[in-house]
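The values are calculated or read from the model by the stated rules, or taken from the named source; none is laboratory data. Small disclaimer: the values here were computed from a predicted structure and weren't measured. With ideal geometry, Cβ positions are generated from the backbone for all residues, glycine too; neighbour counts draw on all protein chains shown.
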Amino acid sequence: MDGARYEGWIACDPRSRRFITVAPERFVPIGSLDSHRFAERLRQGRPVYEAAELRDHVRADLALIENVEPDLVVGDFRLSLSVSARLARVPYACISNAYWSPYAPDRSLPLPVLPWTRFVPLALAQRVFDLAQPLALAGHCRALNAVRAEHGLGSLGPDLRVVYTDADHTLYADSPELFPLPAAPPNHRHLGPVLWSPPGAPPPWWSEVPDDRPVIYVTMGSSGSAQVLEHVIDALAGLNVSIIGSTAGAALPVGRWRNVWLADYLPGEAAAARAAVVVCNGGSPTSQQALAAGVPVVGICSNMDQMLNMRGLVAAGLGVSLRADRLTPLRICAAVESGLGVAPQGPAVRHAGTASASLAHRFQAFLGDIGLA
């Protein structure tokens with residue numbers, strides 16, 4: 001946003017403060033769901049939020065809104081804002097992904113990795129999931145619907161897509177070329193890819209990585225599995241490549257590999273630009289960094305969000321998707337080798353490549369359309 005025209009605040013959990021470069025007076029601490037608890041619930045196939053947690057978040061939201069008195073609240077998967085922003089009568093815009101939209105052309109949902117899926121043939125597991133899906137997904141909607149009812153707000157129903165994207169304005173952080181929404185109403189719009197890297201200088205070894213062989217950038221993100229990350233590096237370390245990776249704080253036996261350079265966090269856009277292939281958990285943030293650099297993606301997916309994102313990339317010929325519960329060294333190496341020397345082309349990549357330049361313009365256009373320009 002134009003700092004001369006707008007005052008903006010960032011509210012997030014204090015544990016993420018080190019990633020926020022906003023001035024101290026513009027930072028507002030607010031509690032959120034612990035990322036490890038979030039990841040564990042996803043792994044078990046449980047609802048992400050419990051009703052008690054949403055109630056706590058609603059109270060915190062209302063206190064923050066009363067203190068800041070914003071003209072607009074923008075939330076990133078903070079489902080409590082479906083309640084609190086409406087109670088405070090403040091316009092609410094949620095940032096989501098277009099593959100979660102109720103208006104997505106393909107409404108089928110893939111089977112996520114669950115504790116039992118690795119022991120069952122995949123076709124049978126998908127069939128069981130399809131049969132259980134309506135009841136199971138309704139359970140994921142129950143907590144927010146219950147909290148909404150407590151405050152006199154109507155139910156959003158049993159559709160998880162509606163629950164995840166409920167807002168006065170829904171902004172999709174995706175390329176419209178990759179994830180079109182031809183039937184979406186005017187208050188659902190593509191914001192475009194949101195490229196972000198943690199602040200800070202590259203690690204000391206950054207200039208020591210040899211460029212005489214392909215560089216593979218490996219990261220499973222902050223919610224990814226350290227075990228999967230280690231498994232991937234083990235598989236790729238035998239190739240004639242240099243591997244750079246971010247561990248998000250996971251302790252890995254660095255000395256075991258001769259051609260691997262690791263750090264807790266890397267500047268993702270710079271790492272993707274340096275790579276020939278990006279290996280990640282299949283989520284949209286790292287995938288978009290890869291596409292912006294014109295680099296193919298190998299997505300090792302565990303949850304439904306990652307699989308939905310990679311479904312779009314695979315359909316466009318921009319990546320390869322692997323299931324974390326069907327992972328073998330041979331499959332990992334084959335996927336990476338298929339991407340070496342291949343540079344994705346086409347309008348989707350050109351759009352992603354201009355994301356950082358166009359994001360301000362797109363958000364400014366949104367503010368203008370809702371009368372805040």
With criteria (1) out of contact with any Lys or Arg (no Cβ under 9 Å at 6 or more places or on another chain); (2) modelled with pLDDT under 95, SER225 comes up short on (1)
Which residues, taken from the range 63-81, are more than 17 Å from ALA149 (Cβ to Cβ), of a type in the set (A, V, I, L, M, F, W, C) and part of a helix (DSSP H, G or I)? ALA63, LEU64, ILE65, VAL68
Given GLY245, GLY255, GLY282, GLY249, which one is in the same structural domain as ALA334 (by TED's automatic domain parsing) and closer than 30 Å to ASP166 by Cβ? GLY282
The lone exception for VAL254 - which of (1) in contact with a Phe, Trp or Tyr (Cβ under 8 Å, 6 or more places away or on another chain); (2) at pLDDT below 90 it fails: (1)
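Only one residue in GLY245, GLY200, GLY221 is on the phi > 0 side of the Ramachandran plot and touching a Ser or Thr at 6+ places or on another chain (Cβ under 8 Å), so which one is that?
Working: GLY245 fails: on the phi > 0 side of the Ramachandran plot; GLY200 fails: touching a Ser or Thr at 6+ places or on another chain (Cβ under 8 Å).
None of the other options fit; the residue is GLY221.
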Provide a single number: the residues in the range 103-162 that are in contact with a helix residue (DSSP H, G or I) (Cβ under 6 Å, 6 or more places away or on another chain), among the hydroxyl-bearing types (Ser, Thr, Tyr) and over 14 Å from VAL83 (Cα atoms). 1
Against the conditions (1) among the hydrophobic types (A, V, I, L, M, F, W, C); (2) within 30 Å of GLY249 (Cα to Cα); (3) touching a helix residue (DSSP H, G or I) at 6+ places or on another chain (Cβ under 7 Å), where does TRP206 fall short? Just the number, please. (3)
Failed criterion for PRO204 (all others in (1) without any contact (Cβ under 8 Å) to a residue 40 or more places away in the chain; (2) more than 30 Å from TRP261 (Cβ to Cβ) hold): (2)
Residues that are closer than 30 Å to ALA373 by Cα and not aliphatic (A, V, I, L, M): does the range 44-56 have at least one? no
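LEU252: touching an Asp or Glu at 6+ places or on another chain (Cβ under 7 Å) and closer than 22 Å to LEU330 by Cα, yes or no? Reasoning before the result, please.
Details: touching an Asp or Glu at 6+ places or on another chain (Cβ under 7 Å): yes; closer than 22 Å to LEU330 by Cα: yes.
Considered against the rule, which asks whether it is touching an Asp or Glu at 6+ places or on another chain (Cβ under 7 Å) and closer than 22 Å to LEU330 by Cα, LEU252 comes out as yes.
Determine whether SER84 is surrounded by 14 or more Cβ atoms within 10 Å (Cβ to Cβ), more than 19 Å from the chain's Cα centre (by Cα) and among the small types (Gly, Ala, Ser).
Values: surrounded by 14 or more Cβ atoms within 10 Å (Cβ to Cβ): yes; more than 19 Å from the chain's Cα centre (by Cα): yes; among the small types (Gly, Ala, Ser): yes.
Spelling it out, SER84 is indeed surrounded by 14 or more Cβ atoms within 10 Å (Cβ to Cβ), more than 19 Å from the chain's Cα centre (by Cα) and among the small types (Gly, Ala, Ser).
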Is there a residue in the range 118-126 that is more than 18 Å from the chain's Cα centre (by Cα), surrounded by fewer than 20 Cβ atoms within 10 Å (Cβ to Cβ), touching a residue at least 24 places away in the same chain (Cβ under 8 Å) and on the phi < 0 side of the Ramachandran plot? yes
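For THR219, state whether it is of a type in the set (Val, Ile, Thr), closer than 17 Å to GLN288 by Cβ and buried (at least 20 other Cβ atoms within 10 Å of the Cβ). Don't jump to the end; show me each part of the working.
Numbers: of a type in the set (Val, Ile, Thr): yes; closer than 17 Å to GLN288 by Cβ: yes; buried (at least 20 other Cβ atoms within 10 Å of the Cβ): yes.
Considered against the rule, which asks whether it is of a type in the set (Val, Ile, Thr), closer than 17 Å to GLN288 by Cβ and buried (at least 20 other Cβ atoms within 10 Å of the Cβ), THR219 comes out as yes.
Matching residues to (1) in contact (Cβ under 8 Å) with a residue 12 or more places away in the chain; (2) part of a loop (DSSP other than H, G, I, E, B):
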{"residue": "GLU25", "(1), (2)": "no, no"}
{"residue": "LEU33", "(1), (2)": "yes, yes"}
{"residue": "GLU53", "(1), (2)": "yes, no"}
{"residue": "ASP56", "(1), (2)": "yes, no"}
{"residue": "VAL83", "(1), (2)": "yes, no"}
{"residue": "ILE95", "(1), (2)": "yes, no"}
